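What follows draws every value from the coordinates through simple rules; no lab data is involved. These numbers were taken from a predicted model, which means no experiment stands behind them. Here the Cβ is made from the backbone with ideal geometry for all residues, glycine too, and neighbour counts use every protein chain on show.
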């Protein structure tokens, strides 16, 4: 037996969780929202609106989109977005560690 | 902003989580699987198969059903079932406390 968990942040409903986190990580990695969406089997449209909705509710931008230019455009994660990714990652990591330890103590050792 | 979580136990797929936990609590409270199912807006059939499937995978009974008799039958939670309820409750309580504390530290205080 093993324990699993899902952790997300709410403010008048779900605001940030695993989906947006993975999408931002993929934007960081690929430098493009469309490539990021594709890597998650998500439509560009869905990914775009997902992030726009979160940005609206958080009150700040998570990604910046460049159009055209030498590199042909693309998207980068803003500093605020990187900060959110970092904090969420830390929350998940420490929470999962604790839950696994508690599960071990409560279910497997007694 | 607040943090939310969902915690469940797996063994070759999901085995026990909030749904079965609440169903067993309702059986304890009502003394009947059909009343317990009704209180959760679940069909008797769904509740019955949910528990039977878990029992099969755990290898022990979670509820005992009495038919007929003076009290007209009903269901009670077995000692093993009560133990599972107690452990899951403890896991959830301690995990939620920790996650809230981590969220506070990581998102609200820094």
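For this structure, a couple of remarks:
- Only helices enter this figure: runs of n ≥ 4 DSSP H residues, each worth -39500 (n - 2.57), summed and divided by the residues of chain B, yield -18000 deg cm²/dmol at 222 nm to the nearest 500.
- Diffusion coefficient, µm² s⁻¹, Stokes-Einstein with Kirkwood Rh over alpha-carbon pairs of the protein assembly as shown at 25 °C and 0.890 mPa s: 121
- Residue of A:25, A:61, A:90 that the Gaussian network model of chain A assigns the largest fluctuation, springs spanning Cα pairs under 10 Å: A:90
- In nanometers and ordered shortest first, the copy-to-copy spacing of the residue B:61 label point, defined 7 Å from Cα toward Cβ, is 6.5.
- Counting 0.36 nm for each residue step from residue B:29 to residue B:93 and taking away their Cα separation leaves a gain of 21.0 nm.
- Relative to the longest principal axis of the Cα atoms of chain B, the long axis of helix B:44-58 makes an angle of roughly 70 degrees.
- Shown for A:83, B:12: other C-beta atoms within 10 Å of each C-beta, ranked fewest to most, produce the order B:12, A:83.
- Nm distances between copies for residue B:104, ranked from closest, using label points 7 Å along Cα→Cβ: 2.6
- Taking Cα atoms only, the orientation of helix A:18-30 departs from the longest principal axis of chain A by about 50 degrees.
- Cα long-axis angle, helix A:79-103 against chain A (0 to 90 degrees, to the nearest 10): 20
- Between the beta carbons of residue B:66 and residue A:57, assuming R0 = 41 Å, the FRET efficiency works out to 0.20 to the nearest 0.05.
- Efficiency of FRET between residue B:86 and residue A:14 - r from beta-carbon atoms, R0 35 angstrom, step 0.05: 0.70
- Cα coordinate range in chain A, projected on the principal axes (Å, largest first): 63, 28, 23
- Placing a label point 7 Å from Cα along the Cα-to-Cβ direction at residue A:35 gives distances to the equivalent points in the other copies of 6.2 nm, listed shortest first.
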